[in-house]
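Structure record follows, encoded as structure tokens.
No lab work stands behind these numbers, since they all come straight from the coordinates. Quantities reported herein were computed from a predicted structural model and do not represent experimental measurements. Heads up, the Cβs are rebuilt from the backbone with ideal geometry, glycines too, and the neighbour counts pull from every protein chain shown.
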């Protein structure tokens with residue numbers, strides 16, 4: 001019962017089980033696991049699920065990840081909702097019923113407890129996690145998602161050096177300009 005957009009990059013050893021929806025331009029990287037024995041998992045447009053990420057559902061909560069998100073290495077999303085353009089740091093854990101507002105950053109190693117809710121544009125750190133400041137990270141987080149999308153396209157072609165060279169530098173500079181005026185949307 002999977003619905004995976006044809007443009008999504010799914011690494012050959014990523015594991016997807018149950019009702020999983022993956023939108024346009026998204027990527028699921030090596031050794032990531034997405035499981036849903038009940039509920040569902042929805043991964044938004046141009047979102048990247050990096051190596052060794054675990055996404056699972058709660059009995060009462062789907063796992064919903066917005067557009068242009070980066071769920072970085074070893075993070076765990078368990079029945080939580082992640083708004084658009086969020087960056088979830090390495091080894092962070094976000095538990096059932098938690099809501100991370102759009103344009104936020106969850107720091108590496110943070111532990112977001114069940115039912116916690118954070119407004120858009122939060123910087124969230126610690127265990128248990130707390131919002132330590134407000135800052136709009138939407139555009140920076142979108143840029144990170146675009147860089148990962150470019151990387152996924154390269155990996156799909158068997159190229160593993162997508163972030164170097166003059167062509168990359170030119171692409172990156174143009175993407176930064178596009179994002180400044182939301183021309184990338």
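Quick check: from the Cα gyration tensor, does the range 1-98 come out rounded (a/c under 1.5), prolate or oblate? Judged from the Cα gyration tensor, the range 1-98 comes out rounded (a/c under 1.5).
With a 10 Å cut-off between alpha carbons and a GNM built on the chain, which of 58, 79, 103 moves the most? With Cα springs under 10 Å in the chain, the top fluctuation among 58, 79, 103 is at 58. Taking the DSSP bridge list for the chain and keeping only pairs wholly inside it, about 10 percent are antiparallel. For the chain, the mean residue ellipticity at 222 nm estimated from helices alone is -6000 deg cm²/dmol, where every DSSP H run of n ≥ 4 contributes -39500 (n - 2.57) and the total is divided by all residues, rounded to the nearest 500. The residue 132 and residue 157 beta-carbon pair, evaluated with R₀ = 25 Å, returns a calculated FRET efficiency of approximately 0.05. A Gaussian network model of the chain, with springs between Cα atoms under 10 Å, assigns the largest mean-square fluctuation among 69, 36, 86 to 36.
Taking 8 Å as the Cα distance limit and 6 or more residues as the minimum spacing, I'd like the relative contact order of the range 90-150 as a percentage.
29
When the alpha-carbon atoms of the range 26-79 are used, the pair Rg, Dmax equals 10.2, 28 angstrom.
Classified by the C-alpha gyration tensor, the range 44-126 has a rounded form. Its axis ratio a/c, with a ≥ b ≥ c, is below 1.5. Considering only 42, 157, 135, the mean-square fluctuation computed in a Gaussian network model of the chain, springs between alpha carbons under 10 angstrom, is largest for 157.
Label sites at residue 177 and residue 91, each approximated as a point 7 angstrom past Cα along Cα to Cβ, lie 4.0 nm apart.
Consider a paramagnetic label point 7 Å from the Cα of residue 140 along Cα→Cβ; state which residues of the range 102-119 have an amide N under 12 Å from it. Only 104-107 pass the distance filter.
When the square roots of the Cα gyration tensor eigenvalues are ordered a ≥ b ≥ c, the ratio a/c for the chain is 1.5 or more and a/b does not exceed b/c, which makes its shape oblate.
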